[in-house]
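Report on the following structure.
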Amino acid sequence: MSKGRGIAASVRVVNGIRPITFIDGRSFAAETNKSTDVERIPGRTYNVDVNATLETGLETSSAGATKAVARLFADIVFDRPMDQAYTYAVPDELHATAAIGKRVEAPFGRGDQTIVGFCVRVHHDPPTRDAKFIEVVLDDEPLVTDALMRLTRWMADYYLCSWGQALFAVVPAGAREKAGVREAVVLEAILEAELPPAAPSLTAKQTAALAHLRRAGAMELRQLARLAQCGPGPVSALVEKGYARRTQRQIDRFAPVVGDDSPITLVELNDDQRRVWSTIEPAIANGGFRAFLLHGVTGSGKTEIYLQAIEDTLRRGKEALVLVPEIGLTPQTIERFRGRCGEVAVLHSHLGDAERGGYWRRIASGQVHVVVGARSAVFAPTRNLGIIIVDEEHESSFKQDATPRYHGRDLAVMRARLENIPIILGSATPSLESWHNAQRGQYTLLTLPRRVLDRPLPLVELVDLRHDGPPTRHHALSPKLEHAMKEALGRGGQVMLLLNRRGYSTHIHCPACGYVATCRNCDLAMTYHRQRAALVCHYCAYEAAPEERCPVCQQVTIRFQGMGTEKLQAEIESKFSGSVVQRMDSDTMQRPGSHQRVLDAFREGRIQILMGTQMIAKGLDFPNVTLVGVVNADVGLHIPDFRAAERTFQLLAQVAGRTGRGASGGRVLIQTYTPEHPSIALAGRHDFLAFAKQEMAFRRQHAYPPFERLARLIVRSQKLEAARDFADHLASGFRQALSHHGDRRPGGPAVKLLGPAECAVFRLNNYFRFHFQLQCASAGALHEVLREVLATARVPGNVEYQVDIDPHNML
Ligand code: ADP
Ligand code: ZN
């Protein structure tokens, strides 16, 4: 491990006499057969005053000789799936710069192609084989802190990816490539004390330029000329006459945004908040790992608690990290943090490389103390973290759906553990995983059961579509919902409508022969988009021209059915021609900033009806919304995923929470075919506790998370047979390992294998997919079996497999 500029060498005298003297005069006593750590100054040769063989690190010349050279090695990991570090020799000229957490270039593979890797260890243990030399050390400072080295190592072990893949995933491209940083030649004023005794005299212009330069210390030639209002001549003369020197500097083009000075309204905590805060405050004061689950209904003042916690942490000279779902990173949210906490680094997926790199560097150098960001912000390189907060901790978007398939919330908890600090997970509808942890005492449960200022939760009414539905199949609004909209708008209120399905018609079929329009590449139904005049696959984006005749039976009876947001918009525009209607879904919100423009317009009252997918459901706070309508609550309820009920409950509870936030109250209408379904009935009563109780019983009965851990393996190939054969082969490997498992861990929790079977969506993007699941009460046992079997699996060239630990996507 590197320590300042020296590197600790471990020296062991095998059969020798002491002491060993270094050329710089230091000496130390080494006992035979005992390791002694010495600080090694890079690039020095050491005198060893012995007639000894030194086992590692130092090489002696012939017997009685006095010279030894320490060989330095670096272990490097690469962005490849193999979880192994490769040992390279460090050439002398890189001894001073090679360090853990920096990137290096090194020859790799049979062709010795130069690729970039991360240095994870620096040491003196010679490898058994001849080591290749690293070629370049790319970074001046380590990109990855010690805590993040440990976090990524844990991540690789837990999610079964390589350490290299984890490291390359955490460091944003902007920080890696130094985007936004440019090399520039600057002029630097020479200190007066260093000027030659008889320095040549200066003209008036040159004197003026020098005065500016001295004030600034250093700046670019052009900049100085502009400031001194002169041409380049007088500026260059300063160098020629010895008053300034030219040097190379890195200039950061990134200018951080600081909160404006608008007055902030400080609120006094209410009784519930005070009770919560009295538990959190000592945890921040004392430090140490502790996890809090803050369960507070929508509008109960959770964010106020976060702000207090951040302010308190800052006062103690520490830093704060806040994770929010990507969609919740609105300027409104960010302003709220900036207004109270000063400069805030914001990390999300729409940042350009320069901006991301700029924030990354400001965080790493300790210039900014508060980081707010989406999933990957869990890797923010803060050096002095005092608290982590995860808002809307139940959100599935914290789970990454590509390698490394990590869960941002779970990594945040692990990071808090590694850094030994408190963490707050907040939600109105906690995930059952976190709820379970709170129930068994792993997390401390804190509750805010009421909205602030005695505002009631909105009244929710269910509309049974079986009896009280719209007049025809082609309509979406029941008479009751339509009437409620008219009433709300008539009183000057605003309306939000949720329909979690985009496009115009969602089901294109032939009633004569049963044909359904499906994607050419996927086993998924195509959706008709009227604006684009095309059938679109929502998974692979394949587009086809809409057919008029059924391609199978040639009857002209093809039907376009099912209601998407595009069709809903048409209906609303025709029924509410006096109101401005805006649709918000991923089709209309493609341009950068469009999301924000719509939210601003809605806030300012320029839009009366905002309708769209779940995009509108999350975290928004508009006091004038007096009606929320859910067009079809059953979308998403009947998909083959054990979390379908939980997600539906969360979505409905969240969208219902969008109203009644102002003085004028609020009302919610939910249209459904299954009003008795617990997800719907209990969301209608804002009853998380009852929902959690019921759903936990179901999970326990089926040994689903949070009671058991799940690992999902997906095998895919463009050749159906190849995918099936490999899936069978892997599964039999697992069955074999499981039959021995009990012998090795007698009494240990059983690992169960389910499958293999075709995935719910069998063909996706032209790949045939099989999956199977491993289930076990212990994550450790699950990992053990997975490692054992996958280590020896021979994967055919035309097959790929993925391992998903704690999977969220079950399609
Ligand atoms: P949540 O995060 O639970 O949705 P917020 O913290 O955003 O709740 O609070 C909802 C609204 O109530 C915000 O406008 C906030 O400023 C306000 N608020 C929060 N706590 C208090 C309080 N103690 N007194 C008055 N207003 C409060
Ligand atoms: Zn497709």
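Read-outs: derived from the displayed coordinates by stated rules, not from any lab. These numbers come from a predicted model, not from an experiment. We place every Cβ from the backbone using ideal geometry, glycine too, and count neighbours over all the protein chains shown.
Structural remarks
- Estimated dipole of the stretch 627-725 in Debye, rounded to 20 [Cβ of Lys and Arg +1, of Asp and Glu -1, Cα centre]: 280
- Between the stretch 734-770 and the stretch 376-453, the alpha-carbon center distance in angstrom: 29
- Cα-centred dipole magnitude for the stretch 67-110, charges only on beta-carbon of K, R (+1) and D, E (-1), debye, nearest 20: 100
- Alpha-carbon centroid distance for the pair the stretch 593-643 / the stretch 513-574, whole angstrom: 24
- For the stretch 356-487: relative contact order, % (alpha-carbon pairs under 8 angstrom, 6 or more apart): 16
- In degrees, nearest ten, helix 302-315 long axis to first principal axis of the chain (Cα): 10
- D_trans [Stokes-Einstein, Kirkwood Rh over alpha-carbon pairs] for the stretch 491-620, 37 °C, 0.692 mPa s, µm² s⁻¹: 204
- Extreme residue, positive dipole direction of the chain, given options 731, 609, 171 (C-beta unit charges): 609
- Positive minus negative residues near residue 638 (Lys, Arg vs Asp, Glu; Cβ under 15 Å): -1
- Percent of alpha-carbon pairs separated by more than 19 Å within the stretch 548-655: 57
- Members of 102/399; 318/618; 205/241; 102/132 lying beyond 23 Å, as alpha-carbon distances in this model show: 102/399; 318/618
- Cysteine residues of the chain whose Cβ has no partner cysteine Cβ closer than 4.7 Å: 119, 161, 230, 341, 540, 759, 776.
- A DSSP coil position with no more than 14 other Cβ atoms inside 10 Å describes the following GluC sites (Glu not before Pro) in the stretch 64-147: 135.
- Across all directions, the shadow cast by the convex hull of the stretch 398-541 built on its C-alpha atoms averages 16.1 square nanometres.
- Cα convex hull volume per residue for the stretch 586-725 (Å³): 170
- 5 Å binning of all Cα-Cα separations within the stretch 618-669, expressed as whole percents from 0 upward: 4, 21, 25, 20, 13, 9, 5, 2, 0
- Average 1/r across all pairs of distinct alpha carbons in the stretch 295-379, invert it, and you get the Kirkwood radius: 13.4 Å.
- With contacts taken as Cα pairs under 8 Å at a separation of at least 6 residues, the stretch 436-481 carries a relative contact order of 19 percent.
- Estimated purely from DSSP H runs of n ≥ 4, each contributing -39500 (n - 2.57), the mean residue ellipticity at 222 nm for the chain is -9000 deg cm²/dmol once divided by its residues.
- The Cα-based radius of gyration and maximum Cα-Cα distance (Dmax) for the chain are 32.0, 103 Å.
- Placing unit charges on the Cβ atoms only, positive for Lys and Arg and negative for Asp and Glu, gives the chain a dipole magnitude near 400 debye about its Cα centre.
- Its alpha carbons give the stretch 331-373 an Rg and a Dmax of 10.2, 27 Å.
- Cleavage-rule hits, trypsin sites (Lys or Arg not before Pro), the stretch 556-653, DSSP coil, Cβ neighbours within 10 Å at most 14: 606
- Take every Cα pair under 8 Å whose residues are at least 6 apart in sequence, average their separation, divide by the length of the stretch 302-432, and the relative contact order is 28 percent.
- Quotient of Cα Rg and 2.2 N^0.38 Å for the stretch 292-436, N being how many residues it contains: 0.97
- For residue 567, the aspartates and glutamates whose Cα comes closer than 17 Å to its Cα, not counting residues fewer than 8 places off in the same chain, are 482, 585, 587.
- Cα coordinate range in the stretch 75-208, projected on the principal axes (Å, largest first): 68, 31, 28
- Rounded, prolate or oblate (a/c below 1.5 giving rounded, otherwise prolate when a/b exceeds b/c) for the stretch 668-811 by Cα gyration tensor: oblate
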